[in-house]
Amino acid sequence: MRVMVLGASGLVGGHVLERLLANPAVAQVVAPVRRPLGQAHPKLDSPQVDFERLPADAPWWQVDAAICALGTTRAQAGSREAFARVDHDYPLAAARCLRTHGCPAFVLNSAMGADPGSAIFYNRVKGELERDLRTLGFESLVLVRPGLIGGEREQPRPAEQLGQRVLGALGPVLPRRLRVNPAEAIAAAMVDAALQPVPGVREIESARLTGQDG
């Protein structure tokens, strides 16, 4: 298979990329990035792109499945508008290019509480992206909805780190859906969904992303 990873330089995307490169069922991984990934691999094609002006006719859009882990925070983006551009507009533009080139399967790293009608801006943007992706006609569309993501980021997020410590301590007594979701567990679920696509639209909720059996 040829699989695309959007957001390969991020926490979850990095784990997705690592899993795909190590999987013998994957012949090539396409990872469009704004800045060089700083790694080389015989199976990796990592074209540098401007997400404001994606090359819609590039041949590397022709893949068997795509995994999207693009995302930022409002603080890092600098404004609501910039956040929505990265978390909604960029993934949707890429998804449209993928569909134009015949990609049948798309897996999105969304968020728990994603809802286009939400009063919470973050959840509303995530929900609007889910809603808009549903209109593109992917044969298989998987919406992965983690809660708080666990792992070490290159750019620390203080609030997220505090949340990880608190929820980590409370984990044994919390409902599964409120526990920390390790980035590795999210990546594993996304890769499985992409490599073994199921027709239709389905959601993977946070309770299934804890990385725990109990």
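At-a-glance table
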| quantity | calculated |
| --- | --- |
| Amide H partners (placed H, <5 Å) of residue 66, local residues excluded | 4, 105, 106, 107 |
| Gain upon complete extension [residue 201, residue 41; 0.36 nm per residue less C-alpha separation] | 54.4 nm |
| Principal semi-axes in Å for region 24-123 [√(5λ), Cα gyration tensor, largest first] | 26, 16, 14 |
| FRET efficiency, 1/(1 + (r/R0)^6) with R0 22 Å, evaluated for residue 54 and residue 135 via beta carbons | 0.75 |
| Pair residue 89, residue 25: separation of 7 Å Cα→Cβ label points (nm) | 3.7 |
| Listed residue (97, 143, 122) projecting farthest to the positive dipole end of region 62-156, Cβ model | 122 |
| Charge tally in the Cβ shell below 10 Å around residue 117, where Lys, Arg are +1 and Asp, Glu are -1, residue 117 excluded | 0 |
| Per-selection Rg to Rh, region 2-50 - Cα, Kirkwood hydrodynamic radius | 0.92 |
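Taken together, the values in this text are just the output of simple stated rules run on the coordinates, not laboratory data. Keep in mind it's a predicted model, so treat the numbers as computed, not measured. When we count neighbours, we look across all protein chains shown, and the Cβ atoms used for this are built from the backbone with ideal geometry, even at glycine.
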